[in-house]
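> One structure is given below, represented as structure tokens, and several questions about it will come after.
The values are calculated or read from the model by the stated rules, or taken from the named source; none is laboratory data. Here the structure is a predicted model, which is why all the values come from computation and not from measurement. For neighbour counting, all protein chains shown are included, and Cβ atoms are generated from backbone atoms with ideal geometry for every residue, glycine included. To get the accessible areas, we keep the full protein, side chains included, count just its heavy atoms, and leave off ligands, DNA and RNA. Shrake-Rupley method; radii C 1.70, N 1.55, O 1.52, S 1.80 Å.
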Amino acid sequence: MLKLKKLKVGVICYPSLGGSGVVATELGKMMADRGHEMHYITSGMPFRFLEAHPNIHFHEVKIDGYAVFKYPPYDIALANRIAQVIETEKLDLLHVHYAVPHAVSAALGKDMANSTIGVITTLHGTDVTILGHDPALRNTVRYGINKSTITTTVSESLRQETLELIGPEKDLLTIYNFIDEDKYHPVEPGRLKSELGIGRDEKVIIHISNFRAVKRIPDIIESYRRVAQQSNAKLLLVGEGPEKAAMEELVRELGLQDDVIFTGKRDDLPELLAISDVMFLLSEKEAFGLVLLEAFACGVPSVATAIGGIPEVVEDGVNGFLVELGDVAMAADRALQLLMDDQLHASFQRNGLATVANKFHSTTIVTQYEKLYYEAAGSQ
Ligand code: GMT
């Protein structure tokens with residue numbers, strides 16, 4: 001059999017640990033394990049777990065704060081660094097996560113380097129579903145996609161929305177997200193429940209996010225309030241973000257401060273999921289909902305809104321329940337159903353684990369990306 005050469009891939013992503021950053025990092029690790037050389041071109045080195053891998057390299061984007069600039073031109077600095085790395089590392093292709101500004105900087109960097117390498121852009125969600133609604137940015141997103149050799153979306157819903165809203169020249173390809181099964185699997189919870197002040201017999205509803213308005217955390221708190229009227233349950237709100245302070249205030253106003261626990265950002269998500277019975281994800285926009293996969297992989301069924309890409313992950317009545325956006329009464333009813341019926345809960349748990357293993361397994365998804373990498377590398 002013909003042995004394919006290992007590739008040198010430039011990866012551009014947000015270094016923060018949002019879902020797109022997580023996917024970019026996990027994909028890089030798994031590609032590196034397959035022998036490819038992964039070159040991260042980013043503003044910061046957030047990925048402690050990337051440092052040790054011999055096939056993973058980091059090229060920092062530095063911005064000089066010249067007095068002439070009111071705003072330091074990050075996009076240009078990124079393009080410049082991309083051009084340098086294309087040349088010095090003799091890259092075979094670029095993989096860009098998130099359209100703005102990354103796809104545009106990649107196009108510019110490639111041009112600066114006078115290079116013909118292939119560019120894969122992966123759209124993650126708000127780069128289209130929020131930025132695409134701004135007429136000025138819509139053209140920018142379209143330009144970034146048109147300049148890419150191949151553009152992927154993380155769900156079929158995002159693919160459709162991008163085609164309708166942005167109207168790119170080329171079709172898009174859906175490649176679903178995945179998780180690292182070595183990290184996300186059912187684990188022993190240890191003493192975490194008591195450390196968080198949760199009683200042994202109390203049920204736990206969990207929500208994990210970046211606390212942005214699209215996550216509709218007031219809906220989560222209200223749904224929980226209704227659950228708590230009929231069941232002995234606590235709500236764990238995990239993460240940090242712009243809405244957090246207002247949510248803490250809301251919880252105090254509702255007198256729920258003893259029952260709603262804000263944990264802040266945590267690294268021990270599998271352990272937190274191990275003490276949880278149900279996940280709430282009641283967002284108004286969600287291209288995929290990576291956190292749902294993490295929950296399924298750890299044996300936690302979900303109650304989630306039937307919007308965006310969520311119905312491609314949550315199968316209603318199988319591994320979770322879908323509810324209409326804003327229907328807090330139904331969200332509470334569905335959560336109660338799962339909290340009170342052990343058999344139903346156990347069957348949803350099994351089905352969620354099967355969803356991860358069958359539809360979203362990392363080996364399958366990484367192989368899909370690897371095939372695209374070869375296609376893009378061969379496009380020069
Ligand atoms: O735009 C965001 O909310 C952040 C973004 C990210 O970088 O974490 O999340 C998007 O990408 C994730 C990974 O593909 C998806 O799982 C999220 O559903 C998506 N968020 C939205 O569409 C709101």
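> How much length, in nm to one decimal, is gained on full extension between ALA346 and LEU163, taken as 0.36 nm per residue of separation minus their Cα-Cα distance? Walk me through the numbers before you get to the answer.
Values: separation 183, 0.36 × 183 = 65.88 nm, distance 3.91 nm.
Result: 62.0 nm gained on full extension.
> Can you tell me which lysines have their Cα less than 23 Å from the Cα of LYS6? Leave out same-chain residues fewer than eight positions away.
Leaving aside lysines fewer than 8 places away in the same chain, those within reach of LYS6 are LYS29, LYS90, LYS110, LYS371.
> Would you work out what percent of the accessible area of the chain, with all protein chains in place, is carbon or sulfur (probe 1.4 Å)?
Reported share for carbon and sulfur atoms: 50 percent.
> Additional query: Using only alpha carbon pairs under 8 Å that are at least six residues apart, calculate the relative contact order of segment 177-241 and give it in whole percent.
It comes to 39 percent, rounded to a whole number.
> In segment 23-131, what percentage of the DSSP-assigned beta bridges are antiparallel, given to the nearest 5?
In segment 23-131, DSSP labels about 0 percent of beta bridges as antiparallel.
> Test of understanding: what is the full-extension gain from VAL318 to GLN368, defined as 0.36 nm times their sequence separation minus their Cα-Cα distance?
15.4 nm
> Now for a separate question. May I ask you to list the trypsin sites (Lys or Arg not before Pro) in segment 215-307 that are in a DSSP loop and have at most 14 other Cβ atoms within 10 Å of their Cβ?
In loop regions of segment 215-307 (DSSP not H, G, I, E or B), the sparsely surrounded trypsin sites (Lys or Arg not before Pro) are LYS265, ARG266.
> So between ASP182 and GLN229, what do we pick up on full extension, going 0.36 nm a residue minus the alpha carbon distance?
Values: separation 47, 0.36 × 47 = 16.92 nm, distance 3.75 nm.
Extending this stretch completely gives an extra 13.2 nm.
> Further question: Add -39500 (n - 2.57) for each DSSP H run of 4 or more in the chain, then divide by its residues: what number comes out at 222 nm, to the nearest 500 deg cm²/dmol?
That comes out to -12500 deg cm²/dmol.
> Roughly speaking, what is the centre-to-centre gap between segment 189-257 and segment 318-380 when only Cα atoms are used, to the nearest Å?
The two parts, judged by their Cα centres, are 22 Å apart.
> To continue, here is another question. Of the lysine pairs in segment 192-359, how many meet both conditions: Cα atoms under 27 Å apart, and a spacing of 8 or more in sequence or different chains?
21
> Could I ask something else about it? In terms of the Cα gyration tensor, with a ≥ b ≥ c the square roots of its eigenvalues, is segment 163-284 rounded because a/c is under 1.5, prolate because a/b exceeds b/c, or oblate?
Note, shape of segment 163-284 comes out oblate.
> Follow-up. Per residue, how large is the accessible surface of the chain? Use a 1.4 angstrom probe and give square angstrom.
44 Å²
> Going toward the positive end of the dipole of the chain, with +1 on Lys and Arg Cβ and -1 on Asp and Glu Cβ, which of THR42, ASN80, ILE275 do you reach last?
Farthest towards the positive end: ASN80.
> Decide, for segment 192-359, between rounded, prolate and oblate: order the square roots of the alpha carbon gyration tensor eigenvalues as a ≥ b ≥ c, take rounded if a/c falls under 1.5, and otherwise choose prolate if a/b is larger than b/c, else oblate.
Rounded is the answer for segment 192-359, as its axis ratio a/c remains below 1.5.
> Within segment 275-298, what residues put their amide N at less than 11 Å from the label point 7 Å along the Cα-to-Cβ vector of ASP268?
What the label zone holds, given the 11 Å backbone N cut-off, is 275.
> Sticking with this one: With the crude spin-label approximation of a point 7 Å out along Cα→Cβ, what separation in nm comes out for ARG200 versus ASP171?
5.8 nm
> Considering Cα pairs under 8 angstrom that are at least six residues apart, work out the relative contact order of the chain and quote it in whole percent.
Taking the mean separation of contacting Cα pairs over the length of the chain, I get 14 percent.
> Measure off 7 Å from each Cα along the Cα-to-Cβ vector at MET112 and LYS70, then give the distance between these two points in nanometres to one decimal.
Output for this residue pair reads 2.3 nm.
> Answer rounded, prolate or oblate for segment 327-380, using the Cα gyration tensor with square roots of eigenvalues a ≥ b ≥ c: rounded when a/c is under 1.5, else prolate when a/b is larger than b/c, else oblate.
Oblate shape, in that a/c is at least 1.5 and b/c is the bigger or equal ratio.
> Can I ask one more? Within segment 67-172, report the chymotrypsin sites (Phe, Trp or Tyr not before Pro) that DSSP leaves as loop and that have at most 13 other Cβ atoms within 10 Å.
Listed in order of number, the matching sites are PHE69.
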